[in-house]
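Engineer: I have a structure I would like to understand better, so I am pasting it below and will then ask my questions one at a time.
Here, each number is a calculation from the coordinates, and none is a lab measurement. Everything numeric here is computed off the predicted structure, so don't read it as measured data. All Cβ positions, even for glycine, are placed from backbone atoms using ideal geometry, and neighbour counts span all protein chains on display.
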Amino acid sequence: MARTTLTGSRIRERRIMRGMRQAELARQAGISASYLNLIEHNRRRIGGKLLLDIAAALEVEPSHLSEGAEAALIATLREAAAERPAAGAELDRIEEFAGRFPGWAQLIAGGYRRLAAMEQEVEALTDRLSHDPHLAASLHEVLSTVTAIRSTASILVDTPELEPDWQDRFHRNISEDSRRLAEGAQRLVAELDAGETRETAQSVPQEEVEAFFTAQSFHFPALEPGGGGDPARLVAEAEELTSSTARAMAQALLERYAEDARHLPATRLLPELPKTPETLNPAALADAFGTDTARVLRRLASLPPGEGTLDKVGLVICDGSGTLTFRRPLEGFPLPRFGTACPLWPLFQSLSRPMMPMRRPVRLAGRSEGAFLTYAVAQPKGAPRLNREPLFEAHMLILPRVPGPNEAEEAPRVGVTCRICPRSDCPGRREPSLMGDAA
Amino acid sequence: MSKNVLVIEDEPNIIEAIGFILSRDGWRVATHSNGEDAVEAVRSRMPDLVILDVMLPGRSGYDILRDLRGAEATAGMPVLMLTARGQNRDREMAEAAGASRFMTKPFSNSEVLAAVNQLIGA
């Protein structure tokens, strides 16, 4: 039996909302009522023309019935359930839950995300003494000075017939130390105050950066040639960026954006795009524009929204440690939040094939088994330097794909992250899946 | 019997105060205030006891202690560690590094005297 998907539950929901009988909908869609019943109970996968027909009969957009943002929502719900297994959340009915109660589901997912962000913050605060060298140094100085004063004062009080020379010396020391103590105490207070104002952000910096880029649809007209904007001003004006870490991260990304735009303006790239994503060749584009493939990939993920033939793209960038340093999510291809990504992604494969641009179709294991086309390349970050090992950085552009009859079968199945991946025979698995072996 | 102590501490007024009370107690006091060559200072003087601050310029007291414990000549030398932080973790680290005794700043003169005398079994 196929894995359940959301689509069926939603068709049922919509049909009941319209007060339409199953037989009636089946007739309009040209299928038997029993087959529709299987679909509605998520026992048959549905797509293509049949989905369009049912959507037309229900008078809704097909995208409202098929999966999209809900895939990411369900992934988050699964993570939330995994955090509190004792609660006994009904994992086998998670899709039904998200489909029937989207508002409540969002509430739980939002609460879980907020909890994760706050846990990170608490960890940062408790670790402050060990990780804030300024604070530790100030504290050490104050305590050392107090020690010196205490020790010296007790010598003055407890030593009978202390020689005048020693007496003078210790008096001088106490006076000196008390001055230092006053200064040290002030510094300590200043350090603690700074801690209060420094990072009061509720979210993690990566999320702020992503929210900022998402709000701009990943395109910054001000940074295109002749746009007249500069990264520092954009960062200063961004409401989403509240922490200094997030501002620094956004600034670095925008500076790279501006440099990319200088070398390869969106206006020059747009006319060169192929008619369909299937024939996209980033390496050839890089060659034609005299630049590198990674830059082309970044530019393809920062084109003005609604223009050109590629309006649905995702992009992930990682460093040599596999840490994701940039994420532009794509509908249907959820990117892991804090956790680590699937090692089968062409993004990571490209790290072991440096400098070779790759075109790799993939299927997303589980859920809709969505088909995607990826382009990946790993290349050194920055200009080469004499006798220095280059630091590699990998890029992966993700495009949605309409699978042909056989094509989807050839594409390897990759996951999002192990915990929510149903693939059972995976050599790259790091931890058991929460989804059982239902794949 | 003369008791030799080496005080490794970078705070001059603490050195002076501790030096004073220890010498009044009959100790011969030598001092050293740099972390980097503290191990050499211990080796060349071979004192009966070392008082070692954790936070020193150049090198951490824990590293110095580990070196001392790793060398045969100083493996069993009594070492009193001083730290400005009394948390359990610091105590554990001091114990793991091989401290004979651990004392948190600000300490009192009598505590230091009692500790050093107990350490050499006087």
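Engineer: Counting partner chain Cβ atoms within 10 Å of every residue's Cβ in B:4-13, what's the average?
Structural biologist: Shielding by partners across B:4-13 averages 3.
Engineer: Still on this structure: Could you tell me whether the range B:1-60 comes out rounded, prolate or oblate from its Cα gyration tensor? Rule is a ≥ b ≥ c as square roots of the eigenvalues, rounded for a/c under 1.5, then prolate if a/b exceeds b/c, otherwise oblate.
Structural biologist: oblate
Engineer: Among A:Y257, A:L241, A:F212, whose Cα lies farthest out toward the positive end of the dipole of the range A:203-263, if unit charges sit on the beta carbon of Lys, Arg (+1) and Asp, Glu (-1)?
Structural biologist: Most positive-ward Cα: A:Y257.
Engineer: Please work out the Cα center distance from the range A:160-177 to the range B:32-66, rounded to the nearest Å.
Structural biologist: Here the answer is 28 Å between Cα centres.
Engineer: Would you calculate a helix-derived [θ] at 222 nm for chain A, using -39,500 (n - 2.57) for each DSSP H run of n ≥ 4 and dividing by the full residue count, to the nearest 500?
Structural biologist: Only helices count here, giving -15500 deg cm²/dmol.
Engineer: Taking the Cα centre of the range A:6-121 as origin and charging only Cβ (+1 Lys, Arg; -1 Asp, Glu), how large is the dipole, in debye to the nearest 20?
Structural biologist: Using only the charged Cβ atoms, the result is roughly 480 debye.
Engineer: How large is ³J(HN,Hα) for each residue in the range B:65-76, as worked out from phi by the Karplus curve 6.51 cos²θ - 1.76 cosθ + 1.60 (θ = phi - 60°), to whole Hz, x for Gly and Pro?
Structural biologist: 4, 4, 5, 4, 5, x, 9, 4, 5, 10, 4, x
Engineer: Here's another thing I want to ask about it. With a 10 Å Cβ neighbour count serving as the proxy for reagent exposure, in which order, fewest first, do A:V60, A:V204 appear?
Structural biologist: Fewest-to-most Cβ neighbours within 10 Å comes out as A:V60, A:V204.
Engineer: On each of the three principal axes of the Cα atoms of the protein assembly as shown, give max minus min coordinate, whole Å, ordered largest first.
Structural biologist: Principal extents (Cα only, largest first): 111, 56, 45 Å.
Engineer: When the gyration tensor of the range A:203-263 is built from Cα positions, what are the square roots of 5 times its three eigenvalues, in whole Å, from largest to smallest?
Structural biologist: One finds semi-axes of 20, 10, 10 Å for the range A:203-263.
Engineer: Related question: About its Cα centre, how strong a charge dipole does the protein assembly as shown have in debye, to the nearest 20, once Lys and Arg get +1 and Asp and Glu get -1 at the Cβ?
Structural biologist: 2520 debye
Engineer: If you don't mind, there's one more thing I want to ask. How large is log10 of I(q)/I(0) for chain B at q = 0.09, 0.12, 0.16 Å⁻¹ when the intensity is taken from the Debye formula with one equal scatterer per alpha-carbon?
Structural biologist: -0.20, -0.37, -0.68
Engineer: If you take each beta carbon of peptide A:163-169 and count the beta carbons of other chains within 10 angstrom, what is the mean?
Structural biologist: For this peptide, the per-residue mean of nearby foreign Cβ atoms is 1.
Engineer: Against the globular-protein guess of 2.2 N^0.38 Å, express the Cα radius of gyration of the range A:178-330 as a ratio, rounded to two decimals.
Structural biologist: 1.36
Engineer: When the dipole is taken about the Cα centre of the range B:72-122, and only Lys, Arg (+1) and Asp, Glu (-1) are charged at their Cβ, what size is it in debye, to the nearest 20?
Structural biologist: For the range B:72-122, the charge dipole is close to 180 debye.
Engineer: Kirkwood Rh and Cα-based Rg: tell me the resulting Rg over Rh for the range A:264-385, rounded to two decimals.
Structural biologist: Radius of gyration relative to Kirkwood radius: 0.94.
Engineer: Follow-up. Work from the charge dipole of chain A (Cβ charges, +1 for Lys and Arg, -1 for Asp and Glu, about the Cα centre) and give the residue of A:S32, A:A371, A:A56 farthest towards its positive end.
Structural biologist: Sorting the options by dipole projection puts first A:S32.
Engineer: Provide the gained length on full extension for the span A:A137 to A:M118, in nm with one decimal, where the gain is 0.36 nm per separating residue minus the Cα-Cα distance.
Structural biologist: So the chain would gain 4.1 nm between A:A137 and A:M118.
Engineer: If you count, for every residue in A:52-60, the Cβ atoms of partner chains within 10 Å of its Cβ, what is the mean?
Structural biologist: Taking all residues of A:52-60 together, the mean is 0.
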